[in-house]
1. Taking K and R as +1 and D and E as -1, what net charge do the other residues with C-beta under 14 Å from the C-beta of Lys74 add up to?
2. Please compute the net charge surrounding Lys49, taking Lys and Arg as +1 and Asp and Glu as -1 over other residues with Cβ under 14 Å from its Cβ.
3. If neighbour count is taken as other Cβ atoms inside 10 Å, put Ile55, Ile22, Ile40 in order from fewest to most.
4. Compute the signed sum of charges (Lys and Arg +1, Asp and Glu -1) over the other residues within less than 11 Å, Cβ to Cβ, of Thr31.
5. Based on other C-beta atoms within 10 Å, arrange Lys49, Lys120, Lys65 from fewest to most.
6. Which order results if Leu50, Leu68 are arranged by neighbouring Cβ count within 10 Å, fewest first?
7. Can you compute 3J(HN,Hα) from phi for each residue in the range 66-75, using the Karplus curve 6.51 cos²θ - 1.76 cosθ + 1.60 with θ = phi - 60°, rounded to whole Hz and x for Gly and Pro?
Amino acid sequence: MCNQNSCECWQYPERSWIQFLILRVLYETPTYGYQLLSEIDERSCGCHKLEPGSIYTVLRRMEEKGLLASTWEKGDAGPDRRVYTVTEKGAGFLKAGLSTMVRRKQLFDDLIGFYERRFKP
């Protein structure tokens, strides 16, 4: 049975784009919050800047939902830091969300093609 917490984002991925971006980054390389902020900034060409407090709130919520897991790692020169990894549930959530995005992209590509053939001067 589908409930809001497990399926809403799969049906409407744009509502939680940040979760998909976080999962995408962490899927390749588990990392800590500050580095994740840098990755998001770089991947979005500076268009999506998040505040440190915001990212940590999202990370905690994703961990509570079982999408992420975290462990404490000793810092080389600084304080210990929490490193986040994608869980099996998180990988499934990412795959389903990206699959939905691909289907939507196909729809948009078709609509754009129609526009360009029929209405573009």
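Laboratory data are not the source of any read-out in this text; all were calculated from the coordinates shown. As the structure is a prediction and not an experimental result, all values here were calculated from the model. We place every Cβ from the backbone using ideal geometry, glycine too, and count neighbours over all the protein chains shown.
1. Details: positive: Arg81, Arg82; negative: Glu73, Asp76, Asp80.
Neighbourhood net charge equals -1.
2. Numbers: positive: Arg43; negative: Glu39, Asp41, Glu42, Glu51.
Local charge sum for Lys49: -3.
3. Working: Ile55 17, Ile22 26, Ile40 20.
The order, fewest Cβ neighbours first, is Ile55, Ile40, Ile22.
4. Values: positive: Arg81, Arg82; negative: Glu28, Glu39, Glu73.
For residues surrounding Thr31, the net value is -1.
5. Values: Lys49 10, Lys120 7, Lys65 16.
Going from sparsest to densest Cβ surroundings: Lys120, Lys49, Lys65.
6. Fewest to most other Cβ atoms nearby, the residues stand as Leu50, Leu68.
7. x, 7, 10, 10, 9, 9, 8, 10, 5, x
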